[in-house]
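Here's the structure we're looking at; comments come further down.
The values are calculated or read from the model by the stated rules, or taken from the named source; none is laboratory data. From a predicted model like this one, the values you see are computed outputs, not experimental measurements. Neighbour counts run over all protein chains shown; Cβ positions are idealised from the backbone, glycine included. Please note that ligands, DNA and RNA were not included when accessible areas were found on the heavy atoms of the full protein model with its side chains. Shrake-Rupley method; radii C 1.70, N 1.55, O 1.52, S 1.80 Å.
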Amino acid sequence: MFDIFKQDIKIGDKVKLYLTTGKEPEGIVVSIGENFVLLQANDNTQNRFFDKLIGGWEVILKINTEVFEEKTRSIEEKFQKKEILEAATSLRQKLDRVNEFIKPNANIIDVRGKRLLLLTKNIIK
């Protein structure tokens, strides 16, 4: 039966579960495992329900997976861009510190026993 549940329900859907105990929890599906579903209630608490407790379910709101995936992808790209920008800024600061005592147009040189490849400041900036 849990295989049918996993076909019907996707992460992000709002569902109402009918448990064998008589309880009827409802919330947004946060995660679906091999034998459990994790729901987040309106008060932001998360509860895990195992397949043996679930007697049935009702989909209250089906999420548009295309829109959800597009927004998720957009957020991931923004974080990646932010991380790249932070890394580039950090690299530029480090190169600027190195360039304080090395000519900016230097080629591969030895500095304190380490080999460095330095490009012109115009290319880096």
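Listed by first and then second residue, the pairs with beta-carbon distance under 7 Å, at least 6 apart or on different chains, first residue in the stretch 59-81 and at pLDDT 70 or above, second assigned to a helix (DSSP H, G or I), are Val59/Asp8. Can you say whether Lys10 is under 12 Å from Ile60 (Cβ atoms), open to solvent by 50 Å² or more (accessible area, probe 1.4 Å) and of a type outside the set (S, T, N, Q), as far as the supplied structure shows? It is false that Lys10 is under 12 Å from Ile60 (Cβ atoms), open to solvent by 50 Å² or more (accessible area, probe 1.4 Å) and of a type outside the set (S, T, N, Q). Which of the residues belonging to the stretch 13-26 are open to solvent by less than 40 Å² (accessible area, probe 1.4 Å) and either in contact with a helix residue (DSSP H, G or I) (Cβ under 7 Å, 6 or more places away or on another chain) or at pLDDT 90 or above (or both)? Scanning the stretch 13-26 gives Val15, Leu17, Leu19, Pro25.
Annotation note: Cβ proximity below 7 Å between a residue of the stretch 26-46 that is within 17 Å of Glu58 (Cα to Cα) and a residue that is surrounded by 12 or more Cβ atoms within 10 Å (Cβ to Cβ) and among the hydroxyl-bearing types (Ser, Thr, Tyr) (sequence gap 6+ or interchain) occurs for Leu38/Ser31. Taking residues in the stretch 1-12 that are touching a residue at least 40 places away in the same chain (Cβ under 8 Å) and on the phi < 0 side of the Ramachandran plot, and partners anywhere that are open to solvent by 80 Å² or more (accessible area, probe 1.4 Å) and part of a loop (DSSP other than H, G, I, E, B), the pairs with Cβ atoms closer than 8 Å and at least 6 places apart or on different chains are Lys10/Lys62.
A count restricted to the stretch 9-60 and to residues that are among the charged types (D, E, K, R) and assigned to a loop (DSSP other than H, G, I, E, B) stands at 8.
Is it the case that Phe50 is among the hydrophobic types (A, V, I, L, M, F, W, C) and modelled with pLDDT of 90 or more? Yes; evaluated as a whole, the condition is true for this residue.
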